[in-house]
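Taken together, the values in this text are just the output of simple stated rules run on the coordinates, not laboratory data. For clarity, every value in this text was computed on a predicted model and none was experimentally measured. Neighbour counts run over all protein chains shown; Cβ positions are idealised from the backbone, glycine included.
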Amino acid sequence: MNWEDLDGRFLGLVDTPRHALETTLVQFAALFFFVTALLFLPRVWFYMSFIMRNLWRNKIRTLLTGVATMVLVLVVTLVWTVLSFLNLVTSEKASNLKAIVTERWQVPSQMPYAYATRLTEGATKEEGDYSIDPKQDSMTWAFYGGTLDPANRTTENSLFFFVMEPDRFLTMMDGIDELTAEKKTEVEAAIKAMESDFNKVMVGANKLRQLNKKVGERIKVTSLNYKDIDIECEIICELPEGRYEQAAVMPRERLNRALDDYERKNRKPHPMANKSLNLVWLRVPDTKAFQAVERQITTSSEFKSPSVKVETASSGVASFLDAYKDMLWGMRWILVPFILITMSLIIAMAISIGVRERRKEIAVLKVLGFGPSQVLILILGEALLVGGLCGMASSGVTLWFINGYLGGFKFPIAFFPTFMVPEEALWWGPLMGLGTALAGSLTPSLSACRIKVSEVFSRTS
């Protein structure tokens, strides 16, 4: 792990609503019953009976086409889940903005902790300046990385702490609305304990499993970025799976006291003593307030050595995602189109084979009075039915399984460990299935409409 990039790994923890499983199931059921209701229309049922018979006659081909469609819809849904989330977190908001204060000319940001008090107030200096409530709308971060086994350091025995004021975890950290009521109560109790005993910490569920530790155990952490500042602490709470499953939270005062102890023992400040403030988060109601706070901080003479910068959370996230821009571009413009084209080709081949096998049947239908438009409906209907139903089933199962069972899609990108499939996926699946089915079946359907009765029967005779 590159501990020089500590201040960037979790910078993107932004607000995203929890995708309630109950809501998605209701929407999914509504769509299903709407489609089912169409079957009661006489003309629809007339065509459906033909379509179902044709699909049922070749069960293997229908099954393979449906399974291929479901698998490809699954892959595209997961890709779009990642892309839509990253697009969300890098989009500027008009209200309830979060500003990030960091060192201007250095990465990782390392500011003196003396900056904290004035920055969390918004650096007001004149009457009429915009003032921030430091207890409710600000939060300081330091990053402390360590290992339980310095002789044999691995990813599994290393952990990463947010060093912060414990009471800000519920007021300033993102994703708190995703916590269950029971877990939120547990975290509140842990925060109160951490405020009175600075040796208590909270650790993510997945990280606890990697460390082979559990709540109540004491651990000794050998620091990787604060040399000789090793900390013994007690795990008091398990953070739930999701965005904080790999992280841990340490009281700010614990690190401050450790640095003071080092100075008393060695009669000199620790090399990081004046660099222990990595980020300051400020919450402002709108763009106008953000601009005012930015002006107040950047023009203040208090923050010149080192200089600081202020940017919105979305801008900060976008800058850290620059390293992934080629991969994300490839996912958006190469992988997804390739999958959609593949889906269309699979359906096109299946429908084309069916049309060639049923030329005589189509000719008989025309003799019985079926016009080209009715033949077109029958052939297109087969593809649309398979594509639409399989797409809907795939997206519904994906959302239920990924969000409800796995707790999110584990695909670490930068500082995002997990992605939740959005409710919109319930519409992505059917639309992908219908769209690719239409694109793939249009050509063979039109060829079926152009079948000439005389040519078919002349070959038969």
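Some observations on this one:
- Around Ile229: net Lys/Arg minus Asp/Glu count, Cβ-Cβ under 15 Å: +2
- Calculated FRET value between Glu156 and Ala193, using beta carbons and R₀ = 25 Å, to 0.05: 0.40
- As a calculated quantity, the FRET efficiency between Leu446 and Lys325 at R0 = 51 Å, using C-beta atoms, amounts to about 0.80.
- Taking a ≥ b ≥ c as the square roots of the eigenvalues of the Cα gyration tensor, region 111-305 is oblate, since a/c reaches 1.5 or more and a/b is not larger than b/c.
- Calculated FRET efficiency for the pair Ala181/Arg267, C-beta based, R₀ 60 Å, to 0.05: 0.75
- Gained length - Ser84 relative to Asp260, 0.36 nm times residue gap less alpha-carbon distance: 58.8 nm
- Full extension of the chain between Tyr405 and Leu368 yields a length gain of 8.1 nm, computed as 0.36 nm times the residue separation minus the alpha carbon distance.
- With the cut-off at under 11 Å, measuring from each backbone N in region 382-397 to a point 7 Å along the Cα-to-Cβ line of Arg57 picks out no residue.
- Cα centroids of region 215-260 and region 376-424: 38 Å apart.
- Under 19 Å from the Cα of Lys360 - aspartates and glutamates, other chains or at least 8 residues apart: Glu382, Glu455
- Ignoring lysines fewer than eight residues from Lys304 along the same chain, the ones with Cα atoms less than 17 angstrom from its Cα are Lys125, Lys275.
- Beta bridge orientation in the chain: antiparallel %, DSSP, nearest 5: 75 percent
- Candidate lysines - alpha carbon under 23 Å from Lys214, same-chain residues fewer than 8 apart omitted: Lys183, Lys184, Lys192, Lys200, Lys410
- Scanning the chain for long hydrophobic helices, with DSSP H runs required to stretch 15 angstrom or more by C-alpha along their axis and to average at least 1.0 on the Kyte-Doolittle scale, returns 21-38, 59-89, 336-357, 372-399.
- Packing, taken as the mean count of other beta carbons within 10 Å per residue, orders the peptides 53-59, 283-289 from highest to lowest as 283-289, 53-59.
- Cβ-based net charge around Arg450, under 13 Å, with every Lys or Arg adding one and every Asp or Glu removing one: +2
- Compared with the direct C-alpha span, the chain from Arg104 to Glu302 gains 69.9 nm at full extension, assuming 0.36 nm per residue.
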